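The values are calculated or read from the model by the stated rules, or taken from the named source; none is laboratory data. For clarity, every value in this text was computed on a predicted model and none was experimentally measured. A quick note on method: Cβ atoms are made from the backbone with ideal geometry, for glycine too, and the neighbour counts reach across all protein chains shown. The accessibility values were calculated without ligands, DNA or RNA, using every heavy atom of the protein model including side chains. Shrake-Rupley method; radii C 1.70, N 1.55, O 1.52, S 1.80 Å.
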Amino acid sequence: QVQLVESGGGLVQAGGSLRLSCAASRRTFDTMGWFRQAPGKEREFVAAVTRSGIRAYYADSVKGRFTISRDSAKNTVDLQMNSLKPEDTAVYYCAASTAPYSGSYYQPQRYAYWGQGTQVTVSS
């Protein structure tokens, strides 16, 4: 059974940093990414990285502050979050896709596998 396990969430003050990690079991994935969902809002795309780890994509709201990285040999994907803002508060989900898939990297339907989520809270 495929599992994605996130870690690294927590409470931080505005302007601070957190690093999220996602460990995947049992298979190699295509695109891997992070989404987040705040209370009362839809799940939204944060960042994604290709299988090679060479190409990364970011939501405009996090560009320049967040960095996604991937170790394909270890089946891990990390999200380094700097200059955090209160509006970054959400549950963050790791996601992974395998071929065949549909949708673009920023669309949830592309990803067949999801982690359980980790809470990130940024206080003002």
Next on the checklist: Using only the heavy atoms of the protein chains and a 1.4 Å probe, how would 5, 62 rank by accessible area, largest first?
Outcome noted: 5, 62
Checklist entry - If the cut-off is a Cα-Cα distance under 20 Å, which lysines reach residue 85, setting aside same-chain residues fewer than 8 apart in sequence? => result 41, 63
Item to check | Inter-probe distance in nm under a simple model that places probes 7 Å from Cα toward Cβ, at residue 61 and residue 5 | outcome: 2.9
Item to check | the chain - accessible surface per residue (Å², probe 1.4 Å) | outcome: 52
Checklist entry - With every protein chain left in place, what is the accessible area of residue 85 in Å² (1.4 Å probe, nearest 10)? => result 80
Checklist entry - Roughly speaking, what is the stretch gain from residue 112 to residue 26, that is 0.36 nm per residue apart minus the C-alpha to C-alpha distance, in nm to one decimal? => result 29.5 nm
